[in-house]
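This report concerns only the one structure given below.
Rule-based calculations on the coordinates, nothing more; no lab input. Here the structure is a predicted model, which is why all the values come from computation and not from measurement. Glycine gets a Cβ as well: all are built from the backbone with ideal geometry, and neighbour counts include every protein chain shown.
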Amino acid sequence: MTSTLEVTRHAYPPKVRTLTVARTETLSPTMRRFVLTGDELEPEFPFPRLTTATHVKVVVPQETTGVLEMPTLGPLGLAAPDGVELAIRDYTVRRFDSDARLLTLDFVLHEHGPAGRWAIGASDGDELGVLGPRGYTIYPAGFDRYVLGADETGLPALERWLEEAPAEAHIDAFVVAPEGGQRALPEHPNLTVQWIDGSGAGELARALVDATPGGDVRTYLWAAGESGIVGPLRQHLRTSEFTQTHFEVSGYWRAGRAGSGDHHEARS
Ligand SMILES: Cc1cc2nc3c(=O)[nH]c(=O)nc-3n(C[C@H](O)[C@H](O)[C@H](O)COP(=O)(O)OP(=O)(O)OC[C@H]3O[C@@H](n4cnc5c(N)ncnc54)[C@H](O)[C@@H]3O)c2cc1C
């Protein structure tokens with residue numbers, strides 16, 4: 001039997017879908033929501049409670065032509081069309097509505113990479129490739145306290161934590177956002193939120209360390225953000241008294257390097 005303090009992992013068969021933007025929503029000056037739909041979006045797409053960090057891979061249209069070139073799924077896995085370089089990036093499943101068959105992804109808007117640029121320019125009816133998820137993790141519901149940390153790339157998952165964590169647990173959330181990026185978060189009855197200005201992003205790791213003294217058996221820590229910022233936090237936790245199965249710290253992007261960050265799965 002699975003303990004309510006354990007993380008469990010589940011596989012999901014590979015999928016390749018071309019979806020279209022049904023609608024968009026401005027979340028803040030630096031984040032935009034995309035609600036996607038399409039016949040290839042299966043009703044059984046995995047969205048159980050506390051799978052807060054489930055992510056798909058998006059394929060954005062070729063920037064030179066505007067055409068969406070999609071990989072094919074063969075016996076050896078995914079293959080790009082001949083001579084085509086695909087931009088494939090990770091995005092968190094913010095919401096899935098199986099009745100309406102709508103998948104929601106929230107994008108950080110930035111000019112530095114193809115996915116960020118796509119999110120700035122895309123509009124209703126535009127196509128986006130969506131692969132996966134390859135699996136999903138169900139986080140434990142039995143902790144008294146959850147300490148959460150994220151920059152804007154981790155905010156969609158953090159918001160899911162606020163919606164899906166047990167109501168009786170206490171949540172301390174630390175969020176890095178640029179000026180103007182603060183916004184109302186989902187409500188939780190026992191929540192404290194500390195916003196950290198983007199220019200002081202390094203404070204995130206410090207705040208999380210201060211919030212999680214070693215040996216605190218009833219606290220689960222989840223954090224995601226820029227790799228250079230969250231990496232030292234992961235190292236610290238690995239060598240601390242903090243129970244090694246009670247945290248997950250993931251690099252979601254790395255400054256100066258293309259491709260989603262050095263995502264680390266939970267220790268268990
Ligand atoms: C599991 C997982 C879940 C994720 N979920 C989300 C999500 O829900 N929403 C989301 O917005 N992102 C999310 N990310 C992060 C996203 O995959 C990366 O930010 C990705 O690099 C964006 O691709 P790009 O094509 O815009 O830039 P890339 O081509 O990958 O990078 C080009 C340049 O842009 C820089 N860059 C990349 N991301 C950012 C950024 N956010 N801000 C400023 N500069 C950046 C890089 O350092 C690089 O110099 C997630 C990543 C992982 C691993």
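Computed over the range 117-268, the alpha-carbon pair-distance distribution with 10 angstrom bins reads 10, 39, 36, 12, 2, 0, each value a whole percent.
Beta-bridge orientation, the chain: approximately 60 percent antiparallel, per DSSP, counting only bridges with both partners inside. Derived scalar couplings between HN and Hα for the range 75-84 equal x, 9, x, 7, 10, 7, x, 3, x, 10 Hz in order, rounded to whole Hz, by the Karplus curve 6.51 cos²θ - 1.76 cosθ + 1.60 (θ = phi - 60°), x for Gly and Pro.
Of the trypsin sites (Lys or Arg not before Pro) in the range 194-268, the ones in a loop by DSSP (not H, G, I, E or B) with at most 16 other beta carbons within 10 Å are ARG218, ARG267. Note that the range 29-34 has calculated 3J(HN,Hα) couplings of x, 10, 9, 9, 9, 10 Hz, one per residue in order, obtained from phi through the Karplus relation 6.51 cos²θ - 1.76 cosθ + 1.60 (θ = phi - 60°); glycine and proline are x. Placing a label point 7 Å from the Cα of GLU163 along the Cα-to-Cβ direction, the residues of the range 17-50 whose backbone N falls under 18 Å from that point are 22-28, 31-38, 42-50.
Here GLN62 and TYR12 are evaluated by their C-beta separation; at R0 = 22 Å the FRET efficiency comes out at 0.20. Over the chain, dividing the summed -39,500 (n - 2.57) contributions of all DSSP H runs of at least 4 residues by the number of residues returns a 222 nm mean residue ellipticity of -4500 deg cm²/dmol. Looking at the range 102-210, the GluC sites (Glu not before Pro) that sit in a DSSP loop and have at most 14 other Cβ atoms within 10 Å of their own Cβ are GLU111, GLU168, GLU179, GLU187. Karplus-based coupling profile of the range 251-259, in residue order and whole Hz: x, 9, 7, 10, 3, x, 10, 6, x, with θ = phi - 60° in 6.51 cos²θ - 1.76 cosθ + 1.60 and x standing for Gly or Pro. Pairs of Cα atoms nearer than 8 Å and 6+ residues apart set the relative contact order; for the chain it is 20 percent.
Label separation (GLU203 vs ASP124): 4.0 nm, computed from points 7 Å beyond Cα along the C-beta direction.
Summarised in one figure, the compactness ratio Rg/Rh of the range 5-122, Cα atoms and Kirkwood Rh, is 0.96. Which residues in the range 145-173 place their backbone N less than 15 Å from a point set 7 Å from the Cα of ASN190 along the Cα-to-Cβ direction? Output list for this probe position: 145-148, 162-173.
Taking every Cα-Cα distance in the chain and sorting them into 5 Å bins from zero, the calculated P(r) comes out as 1, 6, 13, 17, 19, 17, 13, 8, 4, 2, 0 percent.
The alpha carbons of the range 182-242 stretch over 35, 29, 15 Å along the principal axes, in descending order.
Which of the GluC sites (Glu not before Pro) found in the range 220-257 are loop residues per DSSP with 12 or fewer other Cβ atoms within 10 Å of their Cβ? Here the sparse-neighbourhood loop sites are GLU241.
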